[in-house]
Amino acid sequence: MKTILITGCSSGIGYVCAKELKKDGYNVLATARKAKDVARLKDEGLNAFQLDISNQESILSAVEWVKTQTDKIDFLFNNAGYAQPGAVEDLTMSLLRQQFDTNLFGAIFLTNQILKLMREQGSGRVIFNSSILGFVAMSYRGSYNASKFAMEGLVDTLRLELYNTNIKVALIQPGPITSDFRKNALAKFRENIDIHSSFHKEIYIKTLKRLESEEKTKFELSEFAVLKALKRAMEDKNVKARYQVTTPTVLMWYLKKLLPTKLFDRLAIKAGD
């Protein structure tokens, strides 16, 4: 039985992947930040542990727990993350650090600990959940954009450094996926951005309406589409560097290569509205 460690399993992509991979016969080690979510996952039959991916001590504790649960860690899925909406000029350094601590630094710190185990066993795969915003910048998403752009750069570097080993790394680039992501972003937006004192007030009011809407966006897919990409990254004999999930992700990937920057900027502005 192969073992996979997944972060961010309280809801959305991480939750669906943990539940479905367990059904498929994998030994799933699920983690979540809040104790109440860990308790719920356990009640649902998952082997779960509390992990705050932004806290290095919590990560080290989780790694020690992993060692007690398996003799071999075959896969790590770095899924935990969130988005902090807001114009770049309204982002404090504290907000940016928090975004990077969760979306990037924590994932890399955990990966480095798991890589030690994978080197000892001689193999493994590390998969990062990136985003269409890992290669396309969109307005009022600068904090999240930056964390995912940086993730892609570090993962590309890691792939090169592991080239002559049996440890492989890959990125998943989802695009619009049905999950609690929008709801969580709305909470961060309200909590941390002074909407009515900002130069961007009028746009922020539109952003609130967008985030509050429960309507699916065009081309939005369920979490199962990411699960499919994850399973390909786990099972493909020749691991791809990137697994793109939704139509907008594939389309933007090629348009960014083909279009002049000014034209692509106009497209990205429209897509981000």
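The helices (runs of 4 or more DSSP H) found entirely in the stretch 129-214 that carry 1 or more residues being of a type outside the set (S, T, N, Q), over 22 Å from F100 (Cα atoms) and at pLDDT 95 or above are 142-161. Of all the residues in the stretch 20-60, those that are of a type in the set (G, A, S), surrounded by 15 or more Cβ atoms within 10 Å (Cβ to Cβ) and part of a helix (DSSP H, G or I) number 1. Residues in the stretch 82-119 that are of a type in the set (D, E, K, R) and either touching a Ser or Thr at 6+ places or on another chain (Cβ under 6 Å) or farther than 19 Å from I53 by Cα (or both): E89, D90, D101, R119. Contact annotation: residue pairs with Cβ atoms under 6 Å, 6 or more positions apart or on different chains, pairing a residue in the stretch 71-86 that is over 23 Å from E235 (Cβ atoms) with a partner that is of a type outside the set (G, A, S) and part of a loop (DSSP other than H, G, I, E, B), are P85/Y140; G86/I193.
Taking the conditions (1) assigned to a helix (DSSP H, G or I); (2) over 25 Å from G14 (Cβ atoms) in turn, N238 satisfies each one other than (1).
In the stretch 61-97, of all residues being in contact with a strand residue (DSSP E or B) (Cβ under 8 Å, 6 or more places away or on another chain) and among the charged types (D, E, K, R), the one that is surrounded by the fewest Cβ atoms within 10 Å (Cβ to Cβ) corresponds to K72.
Under the condition of being hydroxyl-bearing (S, T, Y) and over 14 Å from the mean Cα position of the chain (by Cα), the residues counted in the stretch 106-139 number 2. Residue selection: G86 fails the criterion of being among the small types (G, A, S) and farther than 25 Å from S131 by Cβ.
Condition check: in contact with a Leu (Cβ under 9 Å, 6 or more places away or on another chain), small (G, A, S) and more than 26 Å from G175 (Cα to Cα). Does A48 satisfy that? Judged against the criteria, A48 is a match.
The values are calculated or read from the model by the stated rules, or taken from the named source; none is laboratory data. Because the structure is predicted, anything quoted here is derived from the model rather than measured. Cβ: placed from backbone, ideal geometry, glycine included. Neighbour counts: every protein chain shown.
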